[in-house]
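Enquirer: The structure is given below, and queries will be raised subsequently.
The values are calculated or read from the model by the stated rules, or taken from the named source; none is laboratory data. Computed from a predicted structure; not experimentally measured. Every residue, glycine as well, gets a Cβ built from its backbone with ideal geometry; the counts of neighbours run over all protein chains shown. Quick note on the areas: whole protein, heavy atoms, side chains included, nothing else; ligands and nucleic acids left out. Shrake-Rupley method; radii C 1.70, N 1.55, O 1.52, S 1.80 Å.
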Amino acid sequence: MKLSSFAGRVFGSVLYVASTALAQDFATHGMYTEPNTRITFYTSYQQDGPITGGGEFSMTSVGGFTFGMALPPSAATTDYYDYIGLVIGSTPNKKGWTGVLHGDQGAGMPNHLMILAWPTGNGNEIATSFRYSPCFCAKTNCTNSSYQLPVIYQGSAKLTKIYTNVNDTHWTMVYKCSRCLIFDDPSQSEFNASTSAGQFGAGWAQSVTSPVNPPDPNSDFSQHDNGQGSYRIIVSSATQESYSKWESMTATAAPPSSTTTPPTTTTLPVSGVPVPTQTSYDYVVIGGGAAGIPIADKLSESGKSVLLIEKGVASSARWGGTYRPESGWLDGHNLTWFDIPGECNRIWNGGSAGVACTDTDQMAGCVLGGGAAVNAGLWWKANPSDWDYNFPAGWKARDMQGATDRVFSRIPGTDHPSLDGKLYVQSGFDTLRTGLEKAKWKSVTANNVPGEKNRTYAHTPYMSANGERGGPMATYLVTASKRKNFQLWLNTSVERINRVGGHAVNLDVSPTINGGRVGTVKLTPVTGRVILAAGAFGTPKLLFRSGIGPKDMLDVVASSSDSKVMINSASWINLPVGQGLNDHLNTDTVISHPNVSYYDWVEAWNTPIEQDKVNYLTKRIGPLTQAAPNIGPMMWEEIKGPDGIVRQFQWTSRVEGSMGEPNGNTMTLSLYLGRGSVSRGRTSINKGLNMLVSTIPYGDPNDLAAAAAAIDSMVKTLNTIPNITWVHPTANLTGAEYLKTLPLDYANVGSRRSNHWMGTAKLGTDSGLKGGTSVVDTNTKVYGTDNIFVVDASIWPGMPSTNPSGLIVVAAEHAAELIQRLPLNTALPKGAKCGGADYGGSQVCRDPFVCKVVSKSLSTCA
């Protein structure tokens, strides 16, 4: 064997990836339907080009490299060991081999299964071989220095080829890989990749030198010399509804005369529409979600020109969305799955392709409407304590009242969304209510008394209107679109904000699919403003790429493909962007009861119950008007932690199994830790310009102690219900003991997150320029700039009591007022102050003068 570099370096990189929450994702991702098999894959690929960095973590490979994976929908919730794979390897000069390494999530596992493959020289035949690099100290803990040369794998993995093709420069293999996500070589310790964790790592390597004896799958070969690296598999993007059909396909091979090339739909640039060169905008809002749509509408009321840029596709049919069930039951109706509340969990059941963001390691909606288009549509007025506890002066509950009233006059929401006024499939609610009543919990209409969040419960209010998903797309975007001074661009990614000092002058954009915009968007000279509303991951990413953030993150961007276009380091603005990441810590519990019955929401995607379908399409009544899967009751309790801080907890009940328990008579009760939590994390950017959670925002002992007490309280409350069974936790476990069985690490982050990410560009009075924790001031303006603002979940200093969509819209209403009250920038004369540590005014000087730094506390026009 002569594969020591491949085994050691790729294997080592995957272990490093695992130990840093899949931090190294050196690949571009997309979706690709292989044309011969018609199987759709979530792909990770390297562009065709010379290798960089000596080949280690290269984003390019001569000829390119593509790996694709398809998983069944169940893999998102239950660990699954099989997959359907795609490899497109390159063979420059008709020579070479390709390797794929199967990773995992937990650091310290010494062995990983590799697939090595290459053309044999006999038509379309591909040789494949399972290998692994064992550890000297088999069956014990090993260090990264313990690797040996790779040997033949003796575990239970099996590769079945579905399609192969070879031409002069590339080869393609579609295959079924059975038991490839579990490592069970009998000489080593067994472990598996956890698909239910939401993501896992993988590695690749290529060589331009063929093995010693290509027809022999066990041939020796030299080390890689055409690049190697690592990437992550996002399970929600890889799951496919048609998996069961595809996995039964039999092997085929392309005829000898045919040719196959890499998937050009994922590797070739898309076609963009040029940005108008003679047009500038008073306001550019980046991100068409729960914050971006409302603030764009409010700003356009003034008559100023407003451009709203969204990187994703249209979601709702109202705006041109086309995502509909394959069975056709929505064809001919002005509806997509985003419009129907009962289809809201489609994104978790095979519907993430083209919808979920591919540049972050967490689930996020990259479509028009953002999270408010893909979530369950829960719609809450803020508990007044959420503002008073978390925010500084100017953002207290009394300050937010006007914005709250305006938002809820436009989007009142309803806890009875069916137009006949009835609630459907209520077995879960009715079962739990008996225990809540006996324990003297109070039944409330939640948005009538938003401050009553202690030992209370309610039916779930939704942003629905007329039996459909409502929210910002059905209200704010409608009024904005009627104004001639408003424009909306879809399918367009903002790459960076170009600055002169702290003043933004224009933005570079590129298309995400054909029809998006490409070029440079101009702000109105001197007075133009830009508002970032791209979410808790999208906003930090754009700030990093614009030279705003901690030095370690800006150094990463400067070493990436942005290196030639990034702003000079002398103009970097050092702020704690990405720090302060927060989320509702989620703890799932499971009960069962004979009175609880499951409604098959997943099956309703393609084959809803006929009467329910007809009732929805003709009358907007029935179960499909309610969010899946039977959400409710919602329950709240306040618990004081050992540190004396009172923490707000919300229980979200739903009728479905989890934690390996089947649907049927089971309910999952998810405990969210909200206001008062003290755990914080961090989001970072990697060299591939993808965002990741580098420090999870969970785990403070006081937070966990309060969560344990909340679990004990709920167990006691519901144990009065006859015939109830606590499945998780079992009857013999306390809350504290139960929490110890649920890991708080990267491998388990998929089950502990709520996907209510916040806090990565914190609003506050303690400027990060002076060593504080805040990125934006109380007017939402980024410290150190004069025309860059952030208005989205990023600005939250702490978690709210409830799901945050309604609060984010209220914040956007309030911020629109604050921003418009600020005086517009003016061009300053020679000698005028234009910057400094405490300066908050215009940083624009009259031509031909520029703003020059005199000292840390003073810059002047000179």
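Enquirer: For the stretch 274-285, name all the residues that are of a type in the set (A, V, I, L, M) and either open to solvent by 10 Å² or more (accessible area, probe 1.4 Å) or assigned to a loop (DSSP other than H, G, I, E, B) (or both). Talk me through it step by step, then tell me what you get.
Expert: Of the stretch 274-285, the ones of a type in the set (A, V, I, L, M) are 275, 284-285.
The one that is of a type in the set (A, V, I, L, M) and either open to solvent by 10 Å² or more (accessible area, probe 1.4 Å) or assigned to a loop (DSSP other than H, G, I, E, B) (or both): 275.
The rows are residues; the columns are (1) in contact (Cβ under 8 Å) with a residue 40 or more places away in the chain; (2) open to solvent by 20 Å² or more (accessible area, probe 1.4 Å); (3) touching a Cys at 6+ places or on another chain (Cβ under 9 Å).
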{"position": "339", "(1), (2), (3)": "yes, no, no"}
{"position": "345", "(1), (2), (3)": "yes, yes, no"}
{"position": "361", "(1), (2), (3)": "yes, no, no"}
{"position": "374", "(1), (2), (3)": "yes, no, yes"}
{"position": "389", "(1), (2), (3)": "yes, yes, no"}
{"position": "405", "(1), (2), (3)": "no, yes, no"}
{"position": "429", "(1), (2), (3)": "yes, no, no"}
{"position": "436", "(1), (2), (3)": "yes, no, no"}
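Enquirer: How do the strands (runs of 3 or more DSSP E) wholly within the stretch 153-261 filter down when requiring 3 or more residues that are of a type in the set (Asp, Glu) and under 30 Å from residue 692 (Cα atoms): which remain? Don't jump to the end; show me each part of the working.
Expert: Values: elements: 158-166, 170-178, 199-207, 228-234.
Once the strands (runs of 3 or more DSSP E) in the stretch 153-261 are filtered for at least 3 residues that are of a type in the set (Asp, Glu) and under 30 Å from residue 692 (Cα atoms), nothing remains.
Enquirer: Which residue, of 397, 314, 353, is aliphatic (A, V, I, L, M), more than 23 Å from residue 287 (Cα to Cα) and either in contact with a helix residue (DSSP H, G or I) (Cβ under 7 Å, 6 or more places away or on another chain) or modelled with pLDDT of 95 or more (or both)? Explain how you work it out, then say what you get.
Expert: Values: 314 fails: more than 23 Å from residue 287 (Cα to Cα); 353 fails: more than 23 Å from residue 287 (Cα to Cα).
The conditions single out 397.
Enquirer: Tell me which residues, restricted to the stretch 755-774, are buried (at least 19 other Cβ atoms within 10 Å of the Cβ) and closer than 21 Å to residue 810 by Cα.
Expert: 756, 757, 758, 759, 760, 761, 762, 763, 764, 774 - these are the residues of the stretch 755-774 that are buried (at least 19 other Cβ atoms within 10 Å of the Cβ) and closer than 21 Å to residue 810 by Cα.
Enquirer: Then there's this: Hey, can you tell me all the residues within the stretch 840-862 that are part of a loop (DSSP other than H, G, I, E, B), of a type outside the set (D, E, K, R) and either farther than 18 Å from residue 789 by Cα or open to solvent by 60 Å² or more (accessible area, probe 1.4 Å) (or both)? Walk me through how you get there before you give the answer.
Expert: The initial filter retains those residues of the stretch 840-862 that are part of a loop (DSSP other than H, G, I, E, B), namely 840-844, 846-850, 856-857, 862.
Among the residues that remain, those that are also of a type outside the set (D, E, K, R) are: 840-844, 848-850, 857, 862.
Hits for the stretch 840-862 are 848, 849, 850, 857, 862.
Enquirer: Quick check on my filter: what residues within the stretch 290-315 are of a type in the set (S, T, N, Q) and open to solvent by less than 10 Å² (accessible area, probe 1.4 Å)?
Expert: Residues satisfying the conditions are 300, 315.
Enquirer: To continue, here is another question. Of the residues 456, 524, 445, which single one is at pLDDT 95 or above and open to solvent by 50 Å² or more (accessible area, probe 1.4 Å)?
Expert: Numbers: 456 fails: open to solvent by 50 Å² or more (accessible area, probe 1.4 Å); 524 fails: open to solvent by 50 Å² or more (accessible area, probe 1.4 Å).
Exactly one of 456, 524, 445 is at pLDDT 95 or above and open to solvent by 50 Å² or more (accessible area, probe 1.4 Å), namely 445.
Enquirer: Additional query: Any chance the stretch 623-634 includes a residue that's open to solvent by 20 Å² or more (accessible area, probe 1.4 Å), out of contact with any Cys (no Cβ under 6 Å at 6 or more places or on another chain) and farther than 30 Å from residue 59 by Cα? It would help to see each step written out before you state the result.
Expert: Taking the stretch 623-634 as the starting set, the residues that turn out to be open to solvent by 20 Å² or more (accessible area, probe 1.4 Å) are 631.
The next check asks that each one be out of contact with any Cys (no Cβ under 6 Å at 6 or more places or on another chain); those that pass are 631.
Among the residues that remain, those that are also farther than 30 Å from residue 59 by Cα are: 631.
Checked the stretch 623-634: at least one residue is open to solvent by 20 Å² or more (accessible area, probe 1.4 Å), out of contact with any Cys (no Cβ under 6 Å at 6 or more places or on another chain) and farther than 30 Å from residue 59 by Cα.
Enquirer: Hey, does the stretch 745-759 have a residue that's in contact with a helix residue (DSSP H, G or I) (Cβ under 6 Å, 6 or more places away or on another chain), of a type in the set (Gly, Ala, Ser) and within 23 Å of residue 370 (Cβ to Cβ)?
Expert: Within the stretch 745-759, one or more residues are in contact with a helix residue (DSSP H, G or I) (Cβ under 6 Å, 6 or more places away or on another chain), of a type in the set (Gly, Ala, Ser) and within 23 Å of residue 370 (Cβ to Cβ).
Enquirer: Name the residues in the stretch 775-802 that are closer than 23 Å to residue 648 by Cβ and surrounded by fewer than 24 Cβ atoms within 10 Å (Cβ to Cβ), would you?
Expert: 797, 798
Listed here are the residues, each with its yes/no results for (1) among the acidic types (Asp, Glu); (2) closer than 24 Å to residue 526 by Cβ.
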position: 275; (1), (2): no, yes
position: 288; (1), (2): no, no
position: 297; (1), (2): yes, no
position: 311; (1), (2): no, no
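Enquirer: Looking for whichever is small (Gly, Ala, Ser) and free of Cβ contacts under 8 Å to residues at least 24 places away in the same chain here; the options are 731, 736, 761. Which one fits?
Expert: Numbers: 736 fails: free of Cβ contacts under 8 Å to residues at least 24 places away in the same chain; 761 fails: free of Cβ contacts under 8 Å to residues at least 24 places away in the same chain.
Of 731, 736, 761, the one residue that is small (Gly, Ala, Ser) and free of Cβ contacts under 8 Å to residues at least 24 places away in the same chain is 731.
Enquirer: Turning to a different aspect of this structure: Any idea how many residues of the stretch 656-680 are touching a Ser or Thr at 6+ places or on another chain (Cβ under 7 Å), open to solvent by 10 Å² or more (accessible area, probe 1.4 Å) and of a type outside the set (Phe, Trp, Tyr)? Reasoning before the result, please.
Expert: Pass one, the stretch 656-680, residues touching a Ser or Thr at 6+ places or on another chain (Cβ under 7 Å): 656-658, 660, 665-672, 674-675.
Still in the list and also open to solvent by 10 Å² or more (accessible area, probe 1.4 Å): 656-658, 660, 665-666, 672, 675.
The next check asks that each one be of a type outside the set (Phe, Trp, Tyr); those that pass are 656-658, 660, 665-666, 675.
The total comes to 7.
Enquirer: Hey, among 684, 677, which residue is in a loop (DSSP other than H, G, I, E, B) and either of a type outside the set (Val, Ile, Thr) or at pLDDT below 95 (or both)?
Expert: On the way: 684 fails: in a loop (DSSP other than H, G, I, E, B).
None of the others qualify; the one that does is 677.
Enquirer: Here's something else I'd like to know. What's the number of the condition residue 808 fails, among (1) open to solvent by 10 Å² or more (accessible area, probe 1.4 Å); (2) more than 30 Å from residue 458 (Cα to Cα); (3) at pLDDT 95 or above; (4) aliphatic (A, V, I, L, M)?
Expert: (2)
Enquirer: Taking only pairs six or more apart or across chains, which ones have beta-carbon atoms under 8 Å, a first residue in the stretch 682-709 that is closer than 24 Å to residue 638 by Cα and open to solvent by less than 30 Å² (accessible area, probe 1.4 Å), and a second residue that is assigned to a helix (DSSP H, G or I) and among the hydrophobic types (A, V, I, L, M, F, W, C)?
Expert: Between residues of the stretch 682-709 that are closer than 24 Å to residue 638 by Cα and open to solvent by less than 30 Å² (accessible area, probe 1.4 Å) and residues that are assigned to a helix (DSSP H, G or I) and among the hydrophobic types (A, V, I, L, M, F, W, C), the close pairs are 696/749; 707/739; 708/736; 708/739.
Enquirer: When you look at residue 441, is it touching a strand residue (DSSP E or B) at 6+ places or on another chain (Cβ under 6 Å), in contact (Cβ under 8 Å) with a residue 24 or more places away in the chain, aromatic (Phe, Trp, Tyr) and farther than 30 Å from residue 307 by Cα, yes or no?
Expert: Values: touching a strand residue (DSSP E or B) at 6+ places or on another chain (Cβ under 6 Å): yes; in contact (Cβ under 8 Å) with a residue 24 or more places away in the chain: yes; aromatic (Phe, Trp, Tyr): yes; farther than 30 Å from residue 307 by Cα: yes.
Criteria met by residue 441.
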